[in-house]
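The values are calculated or read from the model by the stated rules, or taken from the named source; none is laboratory data. Note that the structure is predicted; figures quoted are calculated from it, not measured. Cβ atoms come from the backbone with ideal geometry, glycine included; neighbour counts cover every protein chain shown. Ligands, DNA and RNA are stripped out before the accessible areas are found, and what is left, the full protein with its side chains, is counted by its heavy atoms. Shrake-Rupley method; radii C 1.70, N 1.55, O 1.52, S 1.80 Å.
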Amino acid sequence: MHWLKKHLKALIIITAILIAYFSQVTMSDWLVKKKIRKDITAFSQLYTSLYRQSFEQMRELSEQLMFICDRSDIELMSQAKMRNIFVDYVDLHLENSQSCSIYNNNRADRKLMMFPESEQLNFDNMSIILSKNQFKEMHFNRNGGILRFAFQQPRNFLTNCDHCLFIIVDVNGRNIQLYSQTNEPYKEIYNGTLNNGIGAKLYINERGVEFLVGNLVKFFAILVVLLGVLLAVGIELNQPDYKGLNSLLNDAIESNVLIPFYQPIVMPEGGKYKVVGAEVLVRWLAENGEYIPPSSFIPIAEQNGTIDRITDQLIDNVLADIQMLNLPENFFMSVNVSPSYLEKTDTADKLLNKIAAVGLDPHVLSLEITERTKFSDLHKAAACIETLTAKGISIKLDDCGTGYGAFSYLHILNIDTIKIDRMFITSIGLADFKNNILGAILAFARESNLHVVAEGIETKVQADYLIKNGVEMLQGSYFADPVPFESFKFKQITTNKDSIFRGCIS
């Protein structure tokens, strides 16, 4: 409500622009599209909140750093990169010419370039760098030096229609063109002005018009989202507010639209592959029927504390899916859980009661510990895990070797399985493949009597190499992509040479 009151004028202007557009159509068309406008508003709030949150995280990081390029500085920068879907790279340049990055604590991997004033938008101690009409970098200037963020370029919403539209935005008296154009004729289809002198013009060619005919939902989504992004960047750059996105996420949890998808985990058997379990992956089912990927909302849920509610709801849905099925012996469903979830004193009893309520054996549930956030109390987590493993629940460490403290976790927590991240898998079979790190992880697993699951398998070469080197279980698109329960139905996947056979378990 605070954000709404503070920026009521800007919201009124945006609403007036949409009403002006709808007034050009018949009343009957307007009534039909009333529901569409509601959907678009929701997605505009989602993306606007994401952009606003991104810039606020960057500003907070600049205030937390000591500007000495020590381990603490590098860890803070790495956390910011992991939690922000719009940031591609982070480094720090000190006044004494020392530098460091999220990848190198001795020096930055990319040179800090000097840009002319014409390529900068300046806001107090912060500068946004433009290159080829795109937002490229953000610099925060402090007494100790410069903190730099490199952006991933914004996605063009007309992905199936190249060069069909471009936008000119006016920020602080500067005209900035978003997306490139060709020599084709374009016509102006939108011209609006927001407060603080921020304006936007959208141009489209005939191919774009044809692409959008009969599909006004996407067109309105483009318009509203772009205005929302512009509002977030130009007006709300220094106004932290997560309420809009939090509200959407809470509504999604209350509406039970966070859906479990299932990706098979297989084990070699007799020259083929047998499905022995599945990883559960959450997807947000939007009102338009499309699925929002977890990378867009899980980092937010981990920050605002709703991640544990999502986990509980996901487990309830998984147990409801499988309780009526005749599962093979030792079949398991693996659910991702955060460190905070395992640190709660009621987690173990709550999970065991959920499983008992549907009449299933506890071993059917497996938990994968994610490392996007740290444990705050390993001893509480250890007590919870001991209770669960005593009842037959397997505990896995997800993305082993890429997180905060994999080996310390393995020393203290009763973990029986490690999952090897795709970053160690993708180069198998390629000329630049270096097997020393992967080999070290596998050797450690053997010496520690740990089971191993390799995820992200995309080719037969990768699967064959991993099996030959002792990996027990495999997961990836080579076998099957994550799908909803009705499509999955616990498919049994076997391979014979290069063919794949899928049959359902009754």
Those residues of region 452-472 which are open to solvent by 50 Å² or more (accessible area, probe 1.4 Å), in a helix (DSSP H, G or I) and either among the hydroxyl-bearing types (Ser, Thr, Tyr) or touching a residue at least 40 places away in the same chain (Cβ under 8 Å) (or both) amount to TYR465, ILE467
Subset of region 284-300, residues open to solvent by less than 30 Å² (accessible area, probe 1.4 Å), part of a helix (DSSP H, G or I) and within 12 Å of LEU258 (Cα to Cα), comes to ILE298
Query raised in the report: Is there a residue being open to solvent by less than 30 Å² (accessible area, probe 1.4 Å), of a type in the set (Gly, Ala, Ser) and either over 21 Å from GLY277 (Cα atoms) or part of a helix (DSSP H, G or I) (or both) anywhere in region 406-417?
Result: yes
All-but-one check, SER334 against (1) among the polar types (S, T, N, Q); (2) outside any helix (DSSP H, G or I); (3) at pLDDT 90 or above; (4) open to solvent by 10 Å² or more (accessible area, probe 1.4 Å), failing number (4)
Scanning region 319-331 for residues that are assigned to a loop (DSSP other than H, G, I, E, B) and in contact (Cβ under 8 Å) with a residue 60 or more places away in the chain, the one least open to solvent (accessible area, probe 1.4 Å) turns out to be PHE331
Of the residues in region 386-401 that are of a type in the set (D, E, K, R) and within 17 Å of LEU474 (Cα to Cα), the one that is modelled with the highest pLDDT is LYS396
Reported set for region 402-416 where residues are at pLDDT below 80 and in contact with a Lys or Arg (Cβ under 9 Å, 6 or more places away or on another chain) is GLY403, TYR404, GLY405
Within region 482-506, of all residues that are open to solvent by 20 Å² or more (accessible area, probe 1.4 Å) and under 22 Å from VAL452 (Cβ atoms), the one modelled with the lowest pLDDT is THR494
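Could you grab me the full set of residues in region 301-318 that are polar (S, T, N, Q) and either surrounded by 17 or more Cβ atoms within 10 Å (Cβ to Cβ) or modelled with pLDDT of 90 or more (or both)? Break it down into steps so the answer makes sense when it comes.
At the first step, the residues of region 301-318 found to be polar (S, T, N, Q) are 303-304, 306, 311, 313, 317.
Answer for region 301-318, where residues must be polar (S, T, N, Q) and either surrounded by 17 or more Cβ atoms within 10 Å (Cβ to Cβ) or modelled with pLDDT of 90 or more (or both): THR306, THR311, GLN313, ASN317.
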The residue that is least open to solvent (accessible area, probe 1.4 Å), considering only those in region 375-384 that are closer than 13 Å to SER338 by Cα and among the aliphatic types (A, V, I, L, M), is ALA381
Listed by first then second residue, the pairs whose first member lies in region 351-370 and is under 15 Å from GLU329 (Cβ atoms) and assigned to a loop (DSSP other than H, G, I, E, B), whose partner is open to solvent by less than 60 Å² (accessible area, probe 1.4 Å) and not charged (D, E, K, R), with beta carbons under 8 Å and at least 6 positions apart or on separate chains, are LEU360/LEU319; LEU360/ILE322; ASP361/ILE355; ASP361/GLY392
Can you confirm whether ASP316 is within 28 Å of the chain's Cα centre (by Cα), outside any loop (DSSP other than H, G, I, E, B) and of a type outside the set (Val, Ile, Thr)? yes
